[in-house]
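The values are calculated or read from the model by the stated rules, or taken from the named source; none is laboratory data. Please read all numbers here as calculations on a predicted model, not as lab measurements. Here the Cβ positions follow ideal geometry from the backbone for every residue, glycine too, while neighbour counts run over all protein chains shown. The area values use the complete protein model at the heavy-atom level, side chains included, leaving out ligands, DNA and RNA. Shrake-Rupley method; radii C 1.70, N 1.55, O 1.52, S 1.80 Å.
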Amino acid sequence: MRLFISGGASGIGHSVVMTALSKGWHVGFSYHRNKDAAHRLLDTAATEFPRQLCRAYQLDVADSHAVESVGDCVLADFANVDAVICNTGMDVPGNLVSMVDEDWALVLNTNLSGAFYLIRYFLPSFIANKYGRIVTLSSLAKDGSSGQAAYAASKAGLVGLTRTTAKEYGRFGITANVVVPGLIDTAMIGSDAKGIAQFFTQHTPLGRLGAGSEVAEAILFLASKESSYVNGAAFNVTGGIDWVY
């Protein structure tokens, strides 16, 4: 199995790359600015999984031409890709009334348009192969989250985009599903997010944050042949919580 994941150098993406390699998959991943993290991941992959092909690509997913260029490189390096995981995401928090156009556009272009560009690029090869797996990453914020208007809109949009893809291309042997993580314990949770972490720990029925490896296992199931009859699903990995304020 061969997969490409955007935003693979850190956080959930890093867990997906490492877990996929451990399962014997070949992996291509993109990163935006964190070149050092990408190279560290490549070094780890080469040491721990020398038989697996692992490649990194610098990519701004909000740039459709860059997506096409990198996509060409990925298909050239791997000959074929079985699954695409749209994982890149970012947020510019702030109240809606004070949000400037540039911040709104940045978040929507990265989180939503970026996934659209990736899906659009890889669909022709999936159609030709009569097989493909598409997984996008949404958030509990998709149902609304105070101070995150752009982020919430982008994550809600991903659900619509993914389910539309599932309906249009299921007949070609292509499935598209969206994973909805809760708060996941990664290096991205800084000291300024302690209040959020406490909220999730208190209100999540499991009483803890999620681990990147737990989300990775769900993603890779949806990216595998074993998920052949799962299509258009919103797959919660939240510990049982289903809302945010």
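If you bin all the Cα-Cα distances of the chain at 5 Å, starting from zero, the percentages per bin are 1, 7, 14, 18, 21, 17, 12, 6, 2, 0, 0. Between the amide H of LEU53 and those of VAL27, distances stay under 5 Å, these residues lying 5 or more places away or on another chain, with hydrogens modeled in the peptide plane.
Only helical DSSP H runs with n ≥ 4 go in: add -39500 (n - 2.57) per run for the chain, normalise by residue count and round the 222 nm mean residue ellipticity to 500 deg cm²/dmol. Could you put the intermediate results ahead of the total?
Working: 8 runs with 107 residues, N = 245.
My calculation for the chain gives -14000 deg cm²/dmol from helical runs alone.
Within straight-line reach of LYS155, meaning a Cα separation under 19 Å, sit the following aspartates and glutamates at least 8 residues removed in sequence or on another chain: ASP60, ASP63, ASP91, ASP101, GLU102, ASP103, ASP143, ASP242. Once all protein chains are placed together, ARG55 keeps about 110 Å² accessible to a 1.4 angstrom probe. Please give the net charge around VAL70, taking every other residue with its beta carbon less than 13 angstrom from that of VAL70, where Lys and Arg add +1 and Asp and Glu add -1. Result for the neighbourhood of VAL70: -4. Sequentially through the stretch 149-161, phi angles give Karplus couplings (6.51, -1.76, 1.60; θ = phi - 60°) of 4, 5, 4, 4, 4, 5, 6, 5, x, 5, 5, x, 4 Hz, Gly and Pro residues having no value and appearing as x. Using all pairs of distinct alpha-carbon atoms, the Kirkwood hydrodynamic radius of the stretch 46-94 works out to 13.1 angstrom. In order along the stretch 69-82, phi translates into HN-Hα couplings of 5, 5, x, 4, 5, 4, 5, 5, 6, 9, 6, 7, 10, 8 Hz, rounded to whole numbers, per the Karplus curve 6.51 cos²θ - 1.76 cosθ + 1.60 with θ = phi - 60° and x for Gly and Pro. Cross-link partners of LYS130 among lysines, defined as those whose alpha carbon lies under 17 angstrom from its own and excluding same-chain residues fewer than eight positions apart: LYS167, LYS225. What's the whole-number percent of alpha carbon pairs in the stretch 127-185 lying beyond 19 angstrom? Within the stretch 127-185, distances greater than 19 Å cover 38 percent of Cα pairs. For the stretch 86-186, with equal point scatterers placed on the C-alpha atoms only and solvent neglected, what are the log10 I(q)/I(0) values from the Debye formula at q = 0.10, 0.13 1/Å, to two decimals? The Debye formula, applied to the Cα set alone, gives -0.30, -0.48.
Converting phi to 3J(HN,Hα) with the Karplus coefficients 6.51, -1.76 and 1.60 and the offset θ = phi - 60°, the stretch 109-118 yields 5, 6, 6, 9, 5, x, 5, 4, 4, 5 Hz in sequence order, with x at every glycine or proline. Between ALA211 and ASP185, the built amide H atoms are under 5 Å apart, and every one of these is 5 or more places off in sequence or on another chain.
Around the amide H of VAL237, modelled in the peptide plane, lie the amide H atoms of VAL180, GLY182, all under 5 Å away and 5 or more residues distant in sequence or on another chain.
Sorting the Cα pairs of the stretch 1-144 by distance into bins of 5 Å, from 0 upward, gives 2, 10, 19, 22, 19, 13, 8, 4, 2, 1, 0 percent per bin.
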